[in-house]
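Every number here is computed from the coordinates shown, using simple stated rules; none is lab data. Everything numeric here is computed off the predicted structure, so don't read it as measured data. We place every Cβ from the backbone using ideal geometry, glycine too, and count neighbours over all the protein chains shown.
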Amino acid sequence: MSNQSITKQFIKYVTQNIFGMLGVSCYIIVDTFFIAKAAGADGITVLNLVLPIYSIIFAVGSMIGVGSAIRFAILRAQGERESDYYFSNAIFFVWLIGILGTLAGVFIPDKIIAPMGGDAGIVALGTGYARTFLLFTPFFMMNYVVSSFVRNDNDPGAAMVGTLAGSLSNILFDYIFMFPLKMGLTGAALATAASPILSILICSTHFLKKGNTIPFRLCVPSLRRLWQACQLGVSAFVGEISSGITTMLFNFLILGLVGNVGVAAYGVIANYALVVMAIFNGVAQGSQPLISACYGKGDTRAVSKILRLGICTAVGIAAVVLVASYVFTDPLIALFNSEKSVELAAYARTGMHLYFIGFLFAAVNVVGSGFLSATERAREAFGISVMRGFVAIAVCSVVLARVMGLNGVWLSFPAAELLTAMVLGTVLLSRIRYSRMERR
């Protein structure tokens, strides 16, 4: 594949994926805006407390869906018939696991939300919200499987349209359910639950196209195939769940330092952070089908070029976001500060300036760990992902919070991402040198 062809393919895949993720970002912002209008700071606090539950659901679906699609793409490029069984295997297991989430929503939604750190009033306010979205757990997970396979079957446009349509429907239903129908937070959860269903329906039109090469084979579910897929999907898993782990950890630390208003301020920051991380994931997911296909064919030069393009794109986006966060700080905070709380605005202003520095390093980490998974470097991808999503952020947040208070909490994200980027850089450089030696 020529350099010009690689660049064109990269622009096509990444642009379409970023647009799709921007749709997700848009509905996250609007969802939070409507909740802030309908329920004030307590509503944002509820949303922030349940984000870790969302993250777990999305992480499992992402690990199975993205990992299975990567394995499918690599095996297909190598001409292996084994690739035919990964789609149906992934569908079976996301439904099996997803039903457990549905049962939890039916019987114990309050028991799930209570450990997230809120007081009795917040738990009572959030129980209906948690119950509603948990009922739709299988659809959230299945959406990752369908969109990932469609993207890897050379149809990123269908995945983008499905994602955008789901996001826009979420915005529309948010307004209808929360205001004219006055369903409150339960309406917000119901609007969110409708999003993956519409996305799945639109992405599924790919299976009716002549270019479809994704087979659905009825076969005995295979734990071996699931394990092989999950190994390659681990970076996607940690990428999704790390935001939930960070949110839950920060919630506990901030509650101990400044109380509910601080958590609401972090809720503002966390929602913008989800937007930015979604864009980074768009770059990583857009690069992945190209990397896996070139890797399966043994084209190491093309693989290296796509990696460079991905990292440069993500870092450039991070730089723009960082500048914008300083220039438009107050309007961005005011969007979710419907009660015009001076205390919330002060906490969020400082937090945004400090926290957003970490995006410069997170850009490298998201794309780099995705590259390792796309090239079957499961062990390195797992190590980097665990360091970034669990170890580094936990150590940095606890230590810096004790030393610097609330500012230490905000700075722990940049510190953790910087440490991870340093380790990841060493791993990537060693791999690039090894590939060059192989070519010689």
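What to note about this one:
- In the chain, the DSSP-assigned H stretches of four residues or longer account for a calculated mean residue ellipticity at 222 nm of -29500 deg cm²/dmol, using -39500 (n - 2.57) per stretch and the full residue count as denominator.
- Of the peptides 43-53, 167-177, 398-408, the ranking by mean beta-carbon count within 10 Å, highest at the top, reads 43-53, 167-177, 398-408.
- In the range 86-141, Rg over Rh equals 1.12, where Rg is the alpha-carbon radius of gyration and Rh the Kirkwood radius from pairwise Cα distances.
- Taking all Cα pairs closer than 8 Å and separated by 6 or more residues, the relative contact order of the range 281-382 comes to 40 percent.
- Proximal charge balance of residue 86 [Cβ under 10 Å; K/R count +1, D/E count -1]: +2
- Given +1 at the Cβ of Lys and Arg, -1 at the Cβ of Asp and Glu and no other charges, the dipole of the range 34-117 around its Cα centre is 80 debye to the nearest 20.
- More than 20 Å apart - percent of Cα-Cα pairs taken over the range 1-150: 60
- Under 28 Å from residue 182, Cα to Cα: lysines that are on another chain or at least 8 residues apart: 37, 111, 340
- Cα Rg, Dmax, the range 271-350, angstrom units: 18.3, 58
- Shape analysis of the range 245-309 based on the Cα gyration tensor places the equivalent ellipsoid semi-axes at 40, 11, 8 Å, largest first.
- Global geometry of the range 109-234, whether rounded, prolate or oblate, following the gyration tensor of its Cα atoms and the 1.5 cut on a/c: oblate
- Relative contact order %, the chain, counting alpha carbon pairs below 8 Å whose residues are six or more apart: 24
- Evaluating 6.51 cos²θ - 1.76 cosθ + 1.60 at θ = phi - 60° for every residue in the range 61-74, the Karplus couplings come out as x, 5, 4, 6, x, 5, x, 5, 5, 5, 4, 4, 5, 5 Hz, glycine and proline recorded as x.
- Cβ-derived FRET efficiency at R0 25 Å, residue 301 paired with residue 323, nearest 0.05: 0.15
- Prolate/oblate/rounded label for the range 330-440 (Cα gyration tensor, a/c 1.5): prolate
- Contour excess over end-to-end distance, with Cα ends at residue 168 and residue 343 and 0.36 nm allotted per residue: 59.7 nm
- For the range 186-226, backbone nitrogen atoms closer than 19 Å to the point 7 Å from residue 81 Cα along Cα-to-C-beta are found at 213-222, 225.
- Förster radius 22 Å - calculated FRET efficiency between residue 201 and residue 102, Cβ distance, rounded to 0.05: 0.65
- Cα-based values for the range 173-327, radius of gyration first and Dmax second, are 20.6, 59 Å.
- D by Stokes-Einstein for the chain, Kirkwood Rh over Cα pairs, 20 °C, 1.002 mPa s: 98 µm²/s.
- Full-extension gain in nm, residue 92 to residue 379, via 0.36 nm per residue minus C-alpha separation: 100.8 nm
- Relative contact order, percent, the range 132-197 [alpha-carbon distance under 8 Å, six or more residues apart]: 43
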